Amino acid sequence: MIEEKAKDLGRLIGQSAEYKAVRRANEGLGRDESAVAILKRMEHLRLSAQQMIQRDERPTEEMERELDGLMSQVQQMPVYQRLVVAQENFDKVMQKVNDWIVDGIEKGATSSIITLG
């Protein structure tokens, strides 16, 4: 029963306007060649820095400056801003869902009535 209810909840969340907005924003970002190039370069820098740290080396100041500059560029892009806003709205919905689940758990834990349906 719990699995069925969880799948129903997942289906409803997947149909929500907030989830659909995140998907559209992600797809829009993926179609923006400039944004994708910047994000790929940022990921490359991040991985290089991580490897350096694992070797007990410090990432160079040039790497840090480049990463900061790329982040500034991408944050100014409307396609990225749309994704950030959509993700924040979806996160708010998910926080409410989590709160409702916790509330239900607390009420269920104190209830002496057993329900199976």
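The values are calculated or read from the model by the stated rules, or taken from the named source; none is laboratory data. This structure is a prediction, so every number in the text was calculated from the model and none was measured. Because the Cβ atoms are built from the backbone with ideal geometry, glycine has one as well, and the counts that use them run over all protein chains shown.
Scanning segment 8-53 for residues that are of a type in the set (S, T, N, Q) and under 18 Å from Val79 (Cβ atoms) yields a total of 2. May I ask you to verify whether Pro78 is modelled with pLDDT under 95 and either farther than 26 Å from Lys7 by Cα or surrounded by 13 or more Cβ atoms within 10 Å (Cβ to Cβ) (or both)? For Pro78, the condition - modelled with pLDDT under 95 and either farther than 26 Å from Lys7 by Cα or surrounded by 13 or more Cβ atoms within 10 Å (Cβ to Cβ) (or both) - is not met. Checked against (1) exposed (fewer than 14 other Cβ atoms within 10 Å of the Cβ); (2) of a type in the set (A, V, I, L, M, F, W, C); (3) over 30 Å from Ala37 (Cα atoms), Val93 passes all but a single condition, namely (1).
Checked against (1) modelled with pLDDT of 95 or more; (2) closer than 19 Å to Gly10 by Cβ, Asp68 passes all but a single condition, namely (2).
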